[in-house]
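Take a look at the structure below.
The values are calculated or read from the model by the stated rules, or taken from the named source; none is laboratory data. Remember, it's a predicted structure, so these values are computed and weren't measured experimentally. Neighbour counts run over all protein chains shown; Cβ positions are idealised from the backbone, glycine included. Note: areas computed on protein heavy atoms with side chains; ligands, DNA, RNA excluded. Shrake-Rupley method; radii C 1.70, N 1.55, O 1.52, S 1.80 Å.
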Amino acid sequence: MNLNLSHMPGASAGEKKKSDPSGEVHVQIQTTSQCNARCVFCPYPDSWHARNPGRMSHEVFEKILAELKPFRIGKICPYFENEPLMDPHLLNRIERIKAKLQFRCLEVSTNGHLLTPRISRRLIDALRPVGHEVWISIPGVNAEDYRRTTGLDFHLTMKRVINFLKIAGGGIRVRIRGAGRPWRESRVGWKFSEEQFRESWNHIFLTHGIQTANIKLEYLRYHDRAGNIKRNPLRFGEIRKIGPENPFYCSRIDRWFHFLYTGELCICCMDYHRQEIIGDIRIQSLREILDSDTYRKCRDRLMGLTPSSDDFICKHCIHPGG
């Protein structure tokens, strides 16, 4: 992994400037391919791993931890393009991460629907001793819009999330995230304003006596995940000009590891259709993957050091990179 971009042939001055002086890497691990929601702004329902369901084996998970040990880890996320609480071994795996690795933040992102009282208490107990964040996605402010958006029961989700926040008692760092408007207008029919989102949650906090010192409300504009949503008209991106005349940098290629449940590494969190596989931890070490021609060629296409086809995933991503 080229943690210092100034060592990379062809790197521009702007790319060198974006190099992270901390030397940290960040990790996402898909311990199960499953998700219980069918969010209209997510590619999951027609993704490769939804069509090929599975759960990460103990052997693959332990090898990932062993391979990560030499790295300075900023954020480690035991989820990737899934609902982490669908993994019955998740909490045990969090304990293994804590025992085996040094990291700055352990992040869990969930839709909250499976935060039963038992799971909530165990998750809170597991996270309290370490740097952490819990991201809870609630894309709706009423039952009908939430059901149309996610396919889940709004009242059950809210009951469980509120109970989780009460048990936490202000002692857990939480982001409640509401995806209320598209980046650009589309025919996908639901939306709610940031004002509605904040008013709704502030009313909940007040009504239930929830301590809010460590809770952040985050209003989001949803996007088309690099054009990977196949079943609805969310198409916001244009083909990004990446090539030798248009250098580009995104930290996902050299600051992140993205492990599928199989043990394969893909390019980033937009790659729901397994388009760019850069290695396989079952048969390679991380060092072998990062020294491989497969990784180098993918990195060079992303950065514009070599040409790429118009269907290259990074050309359809609306995020600025960095």
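Worth a mention:
- Yes/no for I124 being among the β-branched types (V, I, T), assigned to a helix (DSSP H, G or I), closer than 26 Å to P78 by Cβ and out of contact with any Lys or Arg (no Cβ under 7 Å at 6 or more places or on another chain): yes
- Selection count where residues are of a type outside the set (D, E, K, R) and either in contact with a strand residue (DSSP E or B) (Cβ under 6 Å, 6 or more places away or on another chain) or outside any helix (DSSP H, G or I) (or both), scope region 127-160: 15
- Scan of region 47-61 for residues that are exposed (fewer than 14 other Cβ atoms within 10 Å of the Cβ) and part of a helix (DSSP H, G or I), ordered by number: R51, H58, E59
- Taken over region 132-174, the criterion of being aromatic (F, W, Y), farther than 29 Å from R104 by Cβ and open to solvent by less than 20 Å² (accessible area, probe 1.4 Å) is satisfied by Y146 alone.
- Criterion applied to R301, R274 was being on the phi > 0 side of the Ramachandran plot and open to solvent by 30 Å² or more (accessible area, probe 1.4 Å), and the one residue passing it is R274.
- Qualifying residue in region 220-240 (condition: modelled with pLDDT of 90 or more, in a strand (DSSP E or B) and in contact with a Phe, Trp or Tyr (Cβ under 9 Å, 6 or more places away or on another chain)): no
- Matching residues, region 72-102, being open to solvent by 40 Å² or more (accessible area, probe 1.4 Å) and either under 14 Å from the mean Cα position of the chain (by Cα) or closer than 27 Å to R252 by Cβ (or both): R72, K75, M86, H89, R96, K98, K100, Q102
- Residues that are touching a strand residue (DSSP E or B) at 6+ places or on another chain (Cβ under 6 Å) and not hydrophobic (A, V, I, L, M, F, W, C) within region 31-61 comprise T32, R55, listed in sequence order.
- Taking every residue in region 239-253 that is in contact (Cβ under 8 Å) with a residue 24 or more places away in the chain and more than 18 Å from M270 (Cβ to Cβ) and pairing it with any residue that is in a loop (DSSP other than H, G, I, E, B) and open to solvent by 20 Å² or more (accessible area, probe 1.4 Å), at least 6 positions away or on another chain, the pairs with Cβ-Cβ distances below 6 Å are G243/P307; P247/S12.
- Among (1) at pLDDT 95 or above; (2) touching a helix residue (DSSP H, G or I) at 6+ places or on another chain (Cβ under 6 Å); (3) within 23 Å of R231 (Cα to Cα) - the single one K100 does not satisfy: (3)
- Within region 62-71, being surrounded by fewer than 16 Cβ atoms within 10 Å (Cβ to Cβ) and in a helix (DSSP H, G or I) holds for E62, A66.
- Taking residues in region 196-210 that are among the hydroxyl-bearing types (S, T, Y), and partners anywhere that are surrounded by fewer than 14 Cβ atoms within 10 Å (Cβ to Cβ), the pairs with Cβ atoms closer than 9 Å and at least 6 places apart or on different chains are S200/N142.
- Selection status of N4, open to solvent by 10 Å² or more (accessible area, probe 1.4 Å), among the polar types (S, T, N, Q), over 21 Å from L101 (Cα atoms) and modelled with pLDDT of 95 or more: no
- The number of residues in region 9-46 that are of a type in the set (A, V, I, L, M) and either part of a loop (DSSP other than H, G, I, E, B) or modelled with pLDDT under 90 (or both) comes to 4.
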